[in-house]
Structure formats: structure tokens, C-alpha cells
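S.K.: Below is the structure I would like to discuss, written out as C-alpha cells.
The values are calculated or read from the model by the stated rules, or taken from the named source; none is laboratory data. Predicted model only: the values in this text are computed from it and were never measured. Here Cβ is always computed from backbone atoms with ideal geometry, including for glycine, and neighbour counts include all displayed protein chains. Calculation scope for accessible area: heavy atoms of the full protein, side chains included, ligands and nucleic acids excluded. Shrake-Rupley method; radii C 1.70, N 1.55, O 1.52, S 1.80 Å.
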Amino acid sequence: MFDTETTINHYQNLKIGYFKIYQEGYIQHEGLVYTPNTLTDKEIKVVKDYSNKTNIALYNHDEFIDSVFYPEVFRLRTLCIGFNLPFDISRIAKDTGISRGKNKGGFTFTLS
């Protein structure tokens with residue numbers, strides 16, 4: 001399960017996200033992901049304090065992609081569930097591009 005919150009300008013860059021990984025109905029891992037350059041120092045402090053207080057793992061964007069999202073969803077084929085998943089995945093993408101070949105006319109996201 002995965003969700004993100006973004007900046008309110010037209011870029012809608014990732015500010016913070018939340019995820020839970022379930023296996024057979026039990027939470028195996030949960031955490032927060034944030035992008036330091038879109039949060040103020042005060043917001044970063046709030047996120048870190050909340051993470052410490054609740055004992056929820058905190059990852060920066062790159063750590064989340066490389067240590068959690070990519071290994072789970074790509075390597076292990078874990079089902080990724082979200083309310084507006086195409087939008088949320090686009091917020092964590094490191095790059096975007098135009099698809100070629102049989103997917104011509106579409107788009108592609110680079111995650112890792």
C-alpha cells in the first residue's frame with residue numbers, strides 16, 4: 001500500500017509518502033519517504049520527530065526507491081496498491097521519457 005503528498009504548485013513534487021508492506025494480512029514493514037529539497041527545515045524536523053516517536057522507518061527518496069520500492073515491486077513482484085497509483089508512482093520517478101517501439105505514444109518512468 002502506497003500514497004504520496006505533493007507540493008501544491010503546478011509541479012506537484014513529492015513531499016512525503018507513506019507505505020505499508022503486508023504479507024498474509026500482517027504488516028511486515030511500514031515507513032515514510034520524503035524528499036528533503038521540497039520540505040522546509042521545520043517540516044523535516046516534524047517528520048523525523050514523528051518517525052522517532054512512532055518507531056516508523058524514515059527513508060529519503062533515493063533510499064526508498066533502492067531499498068524498499070524497487071526490490072519489493074520489481075524483484076519480488078509484490079502487488080502495489082494505491083488510490084491513484086499512476087500519479088503516486090510518477091511522483092517517485094527519477095526521470096520520465098517518451099516510450100518507443102510497441103509502446104510508442106506512451107510514457108516511461110525511470111525509478112532506479
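S.K.: Out of all the residues in segment 82-93, is one or more closer than 14 Å to Glu30 by Cα and either open to solvent by 50 Å² or more (accessible area, probe 1.4 Å) or assigned to a helix (DSSP H, G or I) (or both)? Give the steps one after another, and end with the answer.
M.R.: Taking segment 82-93 and keeping what is closer than 14 Å to Glu30 by Cα, we get none.
Checking segment 82-93: not a single residue is closer than 14 Å to Glu30 by Cα and either open to solvent by 50 Å² or more (accessible area, probe 1.4 Å) or assigned to a helix (DSSP H, G or I) (or both).
S.K.: Right, another one. State which residue pairs qualify: first residue closer than 15 Å to Thr4 by Cα and open to solvent by less than 50 Å² (accessible area, probe 1.4 Å) and inside segment 56-71, second residue of a type in the set (Lys, Arg) and part of a loop (DSSP other than H, G, I, E, B) in any location, beta carbons under 8 Å apart, and separation of 6 or more residues or different chains.
M.R.: From segment 56-71, the pairs are Ile65/Lys94.
S.K.: Please work out which one of (1) closer than 15 Å to Glu5 by Cα; (2) at pLDDT 90 or above; (3) within 12 Å of the chain's Cα centre (by Cα); (4) not hydrophobic (A, V, I, L, M, F, W, C) is the condition Gly82 fails and give its number.
M.R.: The number of the failed condition is (2).
S.K.: Would a scan of segment 43-54 turn up a residue that is surrounded by 11 or more Cβ atoms within 10 Å (Cβ to Cβ) and under 16 Å from Ala93 (Cβ atoms)?
M.R.: Within segment 43-54 (the criterion being surrounded by 11 or more Cβ atoms within 10 Å (Cβ to Cβ) and under 16 Å from Ala93 (Cβ atoms)), the answer is no, since none of the residues qualifies.
S.K.: Could we say that Leu39 is in contact (Cβ under 8 Å) with a residue 24 or more places away in the chain and open to solvent by 30 Å² or more (accessible area, probe 1.4 Å) here?
M.R.: Working: in contact (Cβ under 8 Å) with a residue 24 or more places away in the chain: yes; open to solvent by 30 Å² or more (accessible area, probe 1.4 Å): no.
Here the answer is no, as Leu39 does not meet what is asked.
S.K.: Can you give me the number of residues within segment 1-57 that are assigned to a loop (DSSP other than H, G, I, E, B), of a type in the set (S, T, N, Q) and within 19 Å of Asn84 (Cβ to Cβ)?
M.R.: Initial filter on segment 1-57 (assigned to a loop (DSSP other than H, G, I, E, B)): 1, 7-13, 24-25, 35, 39-40, 55-56.
Subsequent filtering for residues that are of a type in the set (S, T, N, Q) retains 7, 9, 12-13, 35, 40, 55.
From what is left, the residues that are within 19 Å of Asn84 (Cβ to Cβ) are 7, 9, 12-13, 35.
Number of matching residues: 5.
S.K.: Against the conditions (1) surrounded by 14 or more Cβ atoms within 10 Å (Cβ to Cβ); (2) touching a helix residue (DSSP H, G or I) at 6+ places or on another chain (Cβ under 7 Å), where does Ser112 fall short? Just the number, please.
M.R.: Of the numbered conditions (1) surrounded by 14 or more Cβ atoms within 10 Å (Cβ to Cβ); (2) touching a helix residue (DSSP H, G or I) at 6+ places or on another chain (Cβ under 7 Å), the odd one out for Ser112 is (1).
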